[in-house]
Amino acid sequence: MTAIETRKHGDASDGVVGGRQSRFEGIVKVTGQATYALEYALEDMVHAALVQSTIAAGRVLAVDTAAAKAAPGVLMILTPEDDLGLTVATDWYGNRPDNEPYRPLPREVRFNGESICAVVAQTREQASEAARLIKVIYQETSAVMSLDDPHAGEGTVMDNLTSKWGDADAAFAAAPVKIKAEYRTPREFHVAMEPHGLTAKWDGDTLTIWEPSQWAQGMARTYAEWFGLPDENVRVISPFIGGGFGSKGAALAYGAVAAVAARKLGRPVRLAVTRPQNFTSYGGRAATRQTIALGANGDGILQAIVHRGASETCVYMDYPEQTGAATAVLYKVENFSSEHRVIPVNTVTPGALRGPGKNPSAYGIECAIEELAYEIGMDPLELRLKNYADHDYQSGKPWSSRRLREALTEGAEAFGWSRRSHQPGSMRDGKTLVGWGIGCGTFPVIRAPSAAMIRILANGRVEVVSSAIDMGQGTYTILAQTASEVLGVPVEQIDVHLGDSRLPGSAIAGGSMLAGSILGAVHKAAVAARDELIGLALNDVNSPLRDTGANTLVFADGRMGAARGDGNSHSLSEMMKALGRDHLEILRNTLDDATQSAADHKRAWTTLAGVQGPTAGDYSMHSWCAHFAEVKVDEDLGTVRVSRIVSAFDCGRLYNPKLVESQWRGGIIMGIGQALLEEGLVDQRNGRLMNNNVGDYLLPTNSDVPDIQVISVGVPDVNASALGGKGVGEVGIVGVAPAIANAVFHATGKRIRDLPITLEKML
């Protein structure tokens, strides 16, 4: 169990919810004291290396391991011929086939880069060298390399992602103003600073995994089910994570391989996934294409939206990148039709990458809205405000809170939008063309059950305990702030324990659901702990506050006293000593009272079955944003630079504005990469990803990042969460790419509908 002690920065108000408390785990990170998953030193540890397929589709006929077995230090080689004795685990939603074998090293090859063998040796270098000596003989079959492959086909319509109301086709046909265009986004990858990997160690039938995890209990459940173990026999430890962005929420094939090897050898096994293997050991954002048709009247009022989208998926399951996710909720329209298809491609199963679905969806609709504005001759800001949605037309429910209008107007004022001239190419700085564009974004409020423990110790310190994780977004800090506010204890007296599957259950750190979910549990536990301590202080015969005549007590600055403030107050340590307690421990969760069995708890903490979507209650709940981007384009060279961004957000109450603003800026920077740089390049001959490294897969660097101003226009929304906040982690990226694309059009008159916006497309 890893504890992070809160350190004080700033004034007293920083230490409560809403304060600008600095991330206190930042100190241990920058000083090198934070231990990451692949840094734990275990006695007698050995190392594993993966061998990946070099074909896009086919079958492994034979594996020649002779040279590898003879290499120095080699202890074990695992191939598709080995029965690893594993069983398929429950999926994220609690579904599990009966006794179906799980083969993390398959004989059937589904994509180029699929792991098919593993070598274990005394050192990592020995394992890697031996892995290069393995020769695989394949029977190759035909493959589909991309959405544009002539053999890709039309795919399958996802009925659950089909939405319609009114008669969109008829309304579009009758509309006096029409635009219709196709928008595309490429494969994108997480490229977290910390590559994936793990260390696995067995003690009898107990398995301990040190692995970067966005969901410690969910991953522990998977390992347990693979090996047929009781849940309590598996422990996942993950106190620090060097970036996840959606890629570290599930146990993956290489983890099963490392755990099997550790069991067979009776020694801890470390498997560090190489940087190129990080591009194919799990999936990034799938490539998408979408056609959007907008019909409007001459005043710019939308009459119809017709949306048809598609994304690539793997050949063995349907995983959609929902291109219609934002399209249905951003604007008021009486006639709407949207459908999404998945098209099987020989690729790794796509995954969740920051703002999944909403991100490419916003790219399409926000570019289309801009194109409609130019077709009508209307300011793009005015067009958006004219079509402001007064409620959720998809669900028919009212918004819980929606301050997108304020985001647009306040963002426009801060940006100076009123100085914009409408004509493309009309703004310049010498030989540099200047363009201004808008992109709106949204992300749904997703809620999940969570639990937390509050421990008040005899020395007056308070512990906050949960299996929740912190991958840099500030979980350690905001949990301490919540406990500090309820218990009146300065944050420097609070220790936070996170990142261990044996601690009280937590929501996954994904879908922007963690903060709202876990803070509700911490607040509930802290209130219960405070009430219990008050009860003891008023009633225990040994309490120095028993005879004050007070009917309640207050907590402030780490002391308890009567509300009337007569000076009779005592520190927590004094009270605990007087009461004869070495600790007071309170565990609470956010489940309904009717769902408190052990089975209910397991289902809540280890699957997504209990997750509630944005319209689960009486309201439709979402975060909202409006991005204003300025680009400068060299008139001669066609190079594009983002020179300024102003973004306004409605994310409800901000638990810690300093940390939230950092998350927003991080999302915006990723959006700059999406707009101008990021693209997975696939060799159409063999399905190999050609730029599977951080030298060729381009990401924004400091020189690509302009001045970014972020503004909060939100108000507390207690329908969305117990403390009034809405998700902040993913909404920041949504809408950035279209804002930049729209700015490029304003600067040059060139409409780029296929991301990224590269020099070749500009010329």
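Miscellaneous remarks
- Residue in the stretch 610-620 that is aromatic (Phe, Trp, Tyr) and under 19 Å from the mean Cα position of the chain (by Cα) present: no
- Residue match in the stretch 334-349 (condition: closer than 23 Å to residue 437 by Cβ and at pLDDT 95 or above): no
- Only one entry in 372, 353, 381 is touching a strand residue (DSSP E or B) at 6+ places or on another chain (Cβ under 9 Å), in a loop (DSSP other than H, G, I, E, B) and either outside the structural domain of residue 424 (by TED's automatic domain parsing) or of a type in the set (A, V, I, L, M) (or both), namely 353.
- Looking only at the stretch 421-444, and only at residues there that are touching a His at 6+ places or on another chain (Cβ under 8 Å) and of a type in the set (A, V, I, L, M), the one that is nearest to residue 400 (Cα to Cα): 438
- Residue match in the stretch 516-534 (condition: in a loop (DSSP other than H, G, I, E, B), farther than 24 Å from residue 34 by Cα and not assigned by TED's automatic domain parsing to the domain that holds residue 214): no
- Tally of residues being outside any loop (DSSP other than H, G, I, E, B), exposed (fewer than 15 other Cβ atoms within 10 Å of the Cβ) and not basic (Lys, Arg) across the stretch 118-150: 4
- Restricting the stretch 586-617 to residues that are farther than 23 Å from residue 530 by Cα and among the polar types (S, T, N, Q), the residue that is surrounded by the most Cβ atoms within 10 Å (Cβ to Cβ): 606
- The set of residues in the stretch 372-417 being free of Cβ contacts under 8 Å to residues at least 24 places away in the same chain and touching a Leu at 6+ places or on another chain (Cβ under 9 Å) consists of 405 alone.
- Lone qualifier among 666, 673, 727 - being surrounded by fewer than 22 Cβ atoms within 10 Å (Cβ to Cβ), modelled with pLDDT of 95 or more and within 21 Å of the chain's Cα centre (by Cα): 666
- Some residue of the stretch 733-743 being surrounded by fewer than 24 Cβ atoms within 10 Å (Cβ to Cβ), polar (S, T, N, Q) and either assigned to a loop (DSSP other than H, G, I, E, B) or in contact (Cβ under 8 Å) with a residue 24 or more places away in the chain (or both): no
- Breaking point among (1) assigned to a strand (DSSP E or B); (2) at positive phi, for residue 153: (1)
- Enumeration of residues in the stretch 208-264 that are of a type in the set (S, T, N, Q) and over 19 Å from residue 283 (Cβ atoms): 208, 217, 233, 238
- Residue satisfying condition, being farther than 30 Å from residue 206 by Cα, buried (at least 19 other Cβ atoms within 10 Å of the Cβ) and not aliphatic (A, V, I, L, M), within set 510, 549, 561, 499: 561
- Residue 170 being more than 30 Å from residue 278 (Cβ to Cβ), of a type in the set (A, V, I, L, M, F, W, C) and surrounded by 14 or more Cβ atoms within 10 Å (Cβ to Cβ): no
- In the stretch 156-167, the residues that are surrounded by 15 or more Cβ atoms within 10 Å (Cβ to Cβ) and assigned to a loop (DSSP other than H, G, I, E, B): 158, 166, 167
- The stretch 60-117: number of residues that are touching a Gly at 6+ places or on another chain (Cβ under 7 Å), assigned to a strand (DSSP E or B) and surrounded by 21 or more Cβ atoms within 10 Å (Cβ to Cβ): 1
- Residue list for the stretch 620-653, filter: in a loop (DSSP other than H, G, I, E, B) and surrounded by 24 or more Cβ atoms within 10 Å (Cβ to Cβ): 621, 651
- Among the candidates 425, 441, residue that is in contact with an Asp or Glu (Cβ under 9 Å, 6 or more places away or on another chain) and among the small types (Gly, Ala, Ser): 441
- Enumeration of residues in the stretch 233-247 that are more than 12 Å from residue 193 (Cβ to Cβ) and touching a Leu at 6+ places or on another chain (Cβ under 7 Å): 233, 234, 239, 246
- Single condition residue 698 does not satisfy, out of (1) free of Cβ contacts under 8 Å to residues at least 60 places away in the same chain; (2) more than 13 Å from residue 188 (Cα to Cα): (2)
The values are calculated or read from the model by the stated rules, or taken from the named source; none is laboratory data. Everything numeric in this text was worked out from a predicted model, so none of it was measured. Methodologically, a virtual Cβ is constructed for each residue, glycine included, from the backbone with ideal geometry; neighbour enumeration extends over all protein chains shown.
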